Amino acid sequence: MPPVYSHSRLACFEDCPKRFHYRYILKVPAETQSIEGFVGKQVHEVLERLHRFVQQGLVPSLDKVLLRFRAMWEESYDPDQVRIVREGHSVEHYVDFGERCLRQFYRLHYPFDADETLGLEERIQYRDPEHGWRVQGFVDRIVRARDGSIEIQDYKTSRRIPSQKRLDADRQLALYQIALREKHPDTPIRLVWHYLTFGATRVSTRTPDQLDALRAEIADLIQRIESEERFEARPSALCDWCEYRDACPAARGKPKAAVEPAAAQPAIARAAARSPAPKPAPAAPAEPSAPSQMDLL
Ligand code: SF4
C-alpha cells in the first residue's frame with residue numbers, strides 16, 4: 001500500500017530525522033507526552049464537542065464548557081505519562097491555561113452563528129498521481145463564511161503568534177487547501193488560525209501558483225525521505241520535548257555518562273527487533289478520535 005504522509009510527519013523529519021526514524025519507521029511507542037501537547041488535545045476536543053452541539057442548534061453555557069474541560073482533564077491526566085518540561089510550572093497552571101483559552105474563544109464567538117460548520121476534525125487528503133503516495137490531514141474545523149468563502153480553521157494553543165510573513169508561508173493549512181480545492185475548485189478558500197491564548201485570529205490566502213509550487217516542494221521532500229538511509233540525529237532545543245529523549249543517545253544536554261547502550265533501551269530495542277526491513281514505508285496515521293459523545297458536554 002502506498003505510504004501516507006502528513007504535515008506532522010514531514011515536519012518531524014525536517015526537525016530531526018532520528019526522531020522520525022523512532023516514531024514512523026521503528027514505531028517505538030511514545031511512553032510520555034508533553035503537557036503542552038496534552039492541554040492542546042483537551043482544548044481541541046472540547047471545542048469539537050462545542051461545535052457539534054451548535055450544529056444541532058444547542059449552545060452550551062460557558063460554565064458547561066469549562067466543566068467538561070475539567071472532567072476530561074481529570075479522566076485522562078496521568079502524571080507518569082504527561083511531562084512538565086518548563087521548570088516552576090504546576091499542573092494547575094496548565095489547567096488554568098486551558099480554561100483561559102476556552103473562555104476567550106467562547107466570549108469572542110458566542111453565540112457561534114457567524115458562519116456554518118461544514119466539517120469538524122475532518123480528514124482530507126490528496127494523492128500524488130505519479131508516485132502514489134498520499135498527503136492527509138485532519139482539519140479542526142471547515143467553515144462556510146457569510147461571503148460564501150470556505151475557511152480552513154485551526155486552533156493554536158501556542159504562546160506566541162507568528163508574524164504574518166511566516167503565516168503566509170505556513171505549510172500545514174496550505175496542504176489542507178491543496179486537498180480541499182479538489183472538492184471546491186471554484187470557491188475562494190481562506191486559511192484561518194485562532195490563537196486561543198491571545199483571543200486573536202490570523203488569516204492568509206494562497207494563489208493557485210503558490211499551491212502548485214508547494215505541491216512540488218512536498219514531492220521533493222517525500223522523495224528525500226524515501227531515499228534516506230542514515231536518519232541522523234539533529235539535537236536542538238526540541239529535544240526537551242521529544243518523547244524519545246530518555247532513550248536517545250544524541251539528546252541535547254544529556255551527560256554522556258547517562259547515555260545507556262541501545263540494548264538497555266527496551267522500547268527501542270524491541271521496536272528495532274520487530275523491524276527487520278531497513279526502510280519500511282511509513283504507516284498510515286492513526287484514525288481520527290472517536291466521535292464526540294454528544295451527551296457529555
Ligand atoms: S532527543 Fe533530540 S536528537 Fe534525539 S530523537 Fe529526539 S529530537 Fe532527535
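Throughout, read-outs are computed from the coordinates displayed, never taken from laboratory work. This one's a predicted model, so the numbers in the text were calculated from it and none came from an experiment. Note: ideal-geometry Cβ built from the backbone for every residue, glycine included; neighbour counts use all protein chains shown.
Quick notes on this structure:
- The alpha-carbon positions of the range 75-212 define a convex hull whose volume is 163 Å³ per residue.
- Binned Cα-Cα distance frequencies in the range 33-109 - 10 Å width, integer %: 18, 52, 24, 7, 0
- Cβ crowding within 10 Å, taken as a proxy for footprinting-reagent exposure, orders Lys18, Lys41 from fewest neighbours to most as Lys41, Lys18.
- Taking other C-beta atoms within 10 angstrom as a stand-in for reagent exposure, Thr187, Thr117 fall in the order Thr187, Thr117, fewest first.
- For the range 84-125: rounded, prolate or oblate by the Cα gyration tensor [a/c cutoff 1.5]: oblate
- For Arg245, Arg49, Arg146, the sequence from fewest to most other C-beta atoms within 10 Å is Arg146, Arg245, Arg49.
- Segments 174-182, 225-233 sorted - mean Cβ within 10 Å per residue, highest first: 174-182, 225-233
- Relative packing of 153-166, 194-207, 83-96, which averages over residues the other C-beta atoms within 10 Å, highest first: 194-207, 153-166, 83-96
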